[in-house]
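The values are calculated or read from the model by the stated rules, or taken from the named source; none is laboratory data. Keep in mind that this is a model prediction, so the values were computed, not measured. All Cβ positions, even for glycine, are placed from backbone atoms using ideal geometry, and neighbour counts span all protein chains on display.
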């Protein structure tokens, strides 16, 4: 109980950072008592507010679902609770997980706890799972449940000096998660913990059509003899000098400890951002059609006609980013554009997957930057019109399009802010990715301890 009470105290202390949308302290205490009665050790957990939790609001950080209370709990959350998890609260994030900064949610921005934040400027925590990452970094939780569509777990993990693990798509059930391209993911303080919590939650679920069998392949006991692939396309104009130096240092450490470094080429990677945005906007347009103010969500006073009510509901209760994606997705689904854009994007996605599968058939893991550099200040992000988000997405989106596991390990250079290095492995080689990330942590002096 002491660990749970300490986590609650920290949640109160860090309220100004906007980490939690809903605080569930009483629930956490009840779950801790139940865990102790069952002979378990209770541990504090924060879950991103796009996962359903029975009898508690699931807002997706949007005005549209501000008062929505689900009648069920996500499968992965149920499994965590059955192992002793105590839910401290529901984490803040970008609205409907659309963003890479966690500043665009209806309930206000998330502010990193790595530096003091003012009312008008702060260190961006990354996103969209910024609240989950800051919760672990600040000590509110031993682990945080996040979601990852195009880097939404690995990016904030890199910015906050923690580990962010996106498993193979389907190995963690998506039942009770808002968007169909999202993959339940884990933020924790070590690769070993990421794997432990993954094992708590994995398993095929009959209620989830995308669910698949868990990991089949074992990891490797050491780095010696490991074949590490280095994609040439990731050394580009988007990567900062700090990002390059940390990436290079991590590869040199791997080589000194017996790994074989092998250059690989992924020529279709440069199309991953365009491909990703076409596919996700179409998914958003389809998925968001349910939010009409009748079956789900905010219902306005405007009821002069059905169409007027639909329009008022969506234009009032959804932010600009979400509305733009809905409009773009519907445009791309028009008969005259579907084949030209959407079907072509699906073909390009297959090419990206095939080249990653081929590369991972020749090497054990791929090691790349997680983001272009360290976390920016909010003022810098605004001045760039959020272009930094697209630059960072380049390094993470390919793993989502291919459905392969990827984990970010935090590094630092000369006492500066954390920089993430990403390890990708072949599909269902989740154990290999976690093991090698743990080995990287052991052999290098660049690891950032929170």
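Being assigned to a loop (DSSP other than H, G, I, E, B) and touching a helix residue (DSSP H, G or I) at 6+ places or on another chain (Cβ under 9 Å) is the filter; apply it to the stretch 56-71 and report the residue that is surrounded by the most Cβ atoms within 10 Å (Cβ to Cβ).
Residues of the stretch 56-71 that are assigned to a loop (DSSP other than H, G, I, E, B), as a first pass: 56-62, 66-71.
Going one step further and asking which of them are touching a helix residue (DSSP H, G or I) at 6+ places or on another chain (Cβ under 9 Å), we end up with 56-62, 66.
Values: 56: 18, 57: 17, 58: 24, 59: 24, 60: 28, 61: 31, 62: 25, 66: 16.
My answer is 61.
Filter the stretch 395-420 down to residues that are at pLDDT below 95 and assigned to a loop (DSSP other than H, G, I, E, B) and give me whichever is surrounded by the most Cβ atoms within 10 Å (Cβ to Cβ). Per the criteria, the residue is 418. Checked against (1) surrounded by fewer than 24 Cβ atoms within 10 Å (Cβ to Cβ); (2) modelled with pLDDT of 95 or more; (3) more than 21 Å from residue 419 (Cα to Cα), residue 175 meets all criteria but (2).
Is it fair to say residue 385 is within 15 Å of residue 101 (Cα to Cα) and part of a loop (DSSP other than H, G, I, E, B)? Answer is yes for this residue.
Within the stretch 223-235, how many residues turn out to be touching a residue at least 24 places away in the same chain (Cβ under 8 Å), in a loop (DSSP other than H, G, I, E, B) and within 20 Å of residue 411 (Cβ to Cβ)? Residues in the stretch 223-235 being touching a residue at least 24 places away in the same chain (Cβ under 8 Å), in a loop (DSSP other than H, G, I, E, B) and within 20 Å of residue 411 (Cβ to Cβ): 2 in total.
So which of 128, 118 ends up being crowded, with 24+ Cβ neighbours inside 10 Å and in a loop (DSSP other than H, G, I, E, B)? Outline the logic, then answer.
On the way: 118 fails: crowded, with 24+ Cβ neighbours inside 10 Å.
That would be 128, the only listed residue that is crowded, with 24+ Cβ neighbours inside 10 Å and in a loop (DSSP other than H, G, I, E, B).
Filtered by the rule that a residue be surrounded by fewer than 16 Cβ atoms within 10 Å (Cβ to Cβ) and closer than 15 Å to residue 64 by Cα, the stretch 303-320 gives 311, 315, 316, 320. Return the total of residues in the stretch 203-253 being under 26 Å from the mean Cα position of the chain (by Cα) and under 16 Å from residue 433 (Cα atoms). Summing the residues that are under 26 Å from the mean Cα position of the chain (by Cα) and under 16 Å from residue 433 (Cα atoms) in the stretch 203-253 gives 12. Return yes when residue 146 is buried (at least 19 other Cβ atoms within 10 Å of the Cβ) and more than 15 Å from the chain's Cα centre (by Cα) and no when it is not. Judged against the criteria, residue 146 is not a match. The condition of being part of a helix (DSSP H, G or I), without any contact (Cβ under 8 Å) to a residue 60 or more places away in the chain and under 29 Å from residue 417 (Cα atoms) holds for only one of 248, 253, that being 248. Restricting attention to the stretch 373-423, the residues that are under 15 Å from the mean Cα position of the chain (by Cα) and without any contact (Cβ under 8 Å) to a residue 12 or more places away in the chain add up to 0.
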